[in-house]
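These notes concern the structure reproduced below.
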Amino acid sequence: MPVLLVHAEWDQDVPIDSAQNFFLSLKHAPYRRWVEIGEGTHMVLLEKNRLQAFDAINQFLGEDYS
């Protein structure tokens, strides 16, 4: 199953090193993508750069991974 990880620059709940460790642990995922959203916190979906996160999710879901 393909995996998308969306992380925000100022996320203190999931520090970047934790996100990186998780992303690197996904060794069996056939496809993985990490999107980093600038100037956002753990609540990035409610913040000014939320459209970047929504666009990344929408693009990922619209791709054909077969």
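Considering segment 11-49 alone, what residues qualify as being surrounded by 15 or more Cβ atoms within 10 Å (Cβ to Cβ) and among the aromatic types (Phe, Trp, Tyr)?
Passing the criteria: 23, 34.
Restricting attention to segment 31-54, does a residue exist that is among the acidic types (Asp, Glu) and in a helix (DSSP H, G or I)? Full working, then the answer.
Start the filter on segment 31-54 by keeping residues that are among the acidic types (Asp, Glu), which leaves 36, 39, 47.
Next, from what is left, pick out any that are in a helix (DSSP H, G or I): none.
No: segment 31-54 contains no residue that is among the acidic types (Asp, Glu) and in a helix (DSSP H, G or I).
Tally the residues that are of a type in the set (Gly, Ala, Ser), in a loop (DSSP other than H, G, I, E, B) and farther than 22 Å from residue 63 by Cα, restricting the search to segment 1-30.
Start the filter on segment 1-30 by keeping residues that are of a type in the set (Gly, Ala, Ser), which leaves 8, 18-19, 25, 29.
Checking which are in a loop (DSSP other than H, G, I, E, B) leaves us with 29.
This time we only want the ones that are farther than 22 Å from residue 63 by Cα, so: none.
Of the residues in that region, 0 qualify.
Cβ-Cβ distance below 7 Å, separation of 6 or more or different chains: which pairs start in segment 50-63 with a residue that is over 12 Å from residue 5 (Cα atoms) and end on one that is loosely packed, with under 12 Cβ neighbours inside 10 Å?
Pairs that qualify, where the first residue is over 12 Å from residue 5 (Cα atoms) and the partner is loosely packed, with under 12 Cβ neighbours inside 10 Å: there are none.
Bear in mind these aren't lab numbers, they're just calculated from the coordinates by the rules spelled out. Nothing here was measured: the structure is a model prediction, and the numbers come from that model. Every residue, glycine as well, gets a Cβ built from its backbone with ideal geometry; the counts of neighbours run over all protein chains shown.
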